[in-house]
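Only one structure is covered here, and it is reproduced in the block below.
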Amino acid sequence: MKEDIEYLKEEILKLKAERNALILSHNYQRDEVQDIADFVGDSLELSRTAATRRCDVLVFCGVDFMAESASILSPEKTVLLPELNANCPMAAMVTVDRPRSIWKSFPGYEVQPSLIYPVEFTLRDMKRLHPDAPVVAYVNTTAEVKAESDICCTSANVVKVIESLPDEKVICIPDRNLAMWAQKNTKKKVIAWDGFCHVHDRITRDDVLKVRKKYPKAVFMAHPECRPEVLELADVVTSTSGMLRFARTSSEKEFIVGTEIGLMHRLKKENPEKVFYPLRKDMICPNMKKITLKSVLRALREMSHIIKVSEEIRIPAKKALDRMLEIS
Ligand code: 13P
Ligand code: SF4
């Protein structure tokens, strides 16, 4: 088994050099995928890296919208998503103009009854209802939706993005929890879309109270994709890389980690003297875990799956991403 992993790593490194490729990994990827990557980060850092680092090929170890963003920002690079069905269900909860049911449109998506989420109300309907409010699109959206939006944001900069706009009212899509958290931190009116991340949204207040009772000295860090009643109990609300920064610089020794468990790997690696407890061990994003060392190697060997956004969508979507990158 160990030999297998060593063999896969060697082959990946060899092909990576031949193809002049860069491997990017989100903080939620499997430990061994993070370890082989050239850069590991949150959505904002990954967008920045994709836009600025020189290479011919970008192997994106994350979910579909992240690879799309890389293609939007760097059309001259070949962007590969090692598993085509690594999708973000939340990104699929908002469509531009075609009402549809997610589980019918996403054949690779593992259907759980609680996740069947019919999109009957579209982004254009929302814009018609609030013609004077610009659209702030979380990067967890499709390229098509970004193209229809005014500016993008990530969990690391949502408030800064909203504050940067001259308007008093904004539409925030697709995460209702992120929108509600932003609303708590700005005087502007935030109109929320009713989407959610199934990994974070299922965490309850009781989950937090239970872990806090077990580890009374631990600092609780939560991701803004959690519900408001969970965030109320948090000591720090921030993005995945925000948690890494906080843990690194804090004088505290114990932390409860309120996000996908993939982040535990870096937290432990970068802070061997500190202790990290997952808020719930089943905070696992199945889509993030679809990518393996085997699929990274296959992606480099077969140069697949290429993610390419059409120019018609790319140009307006890039405007929304660039606008975000300029202010953060
Ligand atoms: P960040 O890493 O930007 O905090 O995003 C979390 C996430 O859910 C990405 O899908
Ligand atoms: Fe999407 Fe949630 Fe998975 Fe992030 S953790 S990719 S928001 S489903």
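Brief remarks follow.
- For the stretch 61-96, taking the residues that are in contact with a Cys (Cβ under 7 Å, 6 or more places away or on another chain) and in a loop (DSSP other than H, G, I, E, B), the one that is surrounded by the fewest Cβ atoms within 10 Å (Cβ to Cβ) is identified as Lys77.
- Test for Asp31: is it within 16 Å of ligand 2 (Cβ to nearest atom), closer than 15 Å to Arg266 by Cβ, among the charged types (D, E, K, R) and in contact with a helix residue (DSSP H, G or I) (Cβ under 6 Å, 6 or more places away or on another chain): no
- Residue match in the stretch 251-267 (condition: among the charged types (D, E, K, R) and within 16 Å of ligand 2 (Cβ to nearest atom)): yes
- Of all residues in the stretch 118-160, exactly one satisfies the criterion of being aromatic (Phe, Trp, Tyr) and away from ligand 2 (no atom under 16 Å from the Cβ), namely Phe121.
- Single unsatisfied condition, Asp194 versus (1) closer than 19 Å to Ala91 by Cα; (2) modelled with pLDDT of 95 or more; (3) surrounded by fewer than 22 Cβ atoms within 10 Å (Cβ to Cβ): (2)
- Residues that are of a type in the set (A, V, I, L, M), in contact with a Leu (Cβ under 7 Å, 6 or more places away or on another chain) and in a helix (DSSP H, G or I) were ranked within the stretch 120-177; the one that is surrounded by the most Cβ atoms within 10 Å (Cβ to Cβ) is Val145.
The values are calculated or read from the model by the stated rules, or taken from the named source; none is laboratory data. The model shown is predicted, which means the values in this text are computed figures rather than measured ones. With ideal geometry, Cβ positions are generated from the backbone for all residues, glycine too; neighbour counts draw on all protein chains shown.
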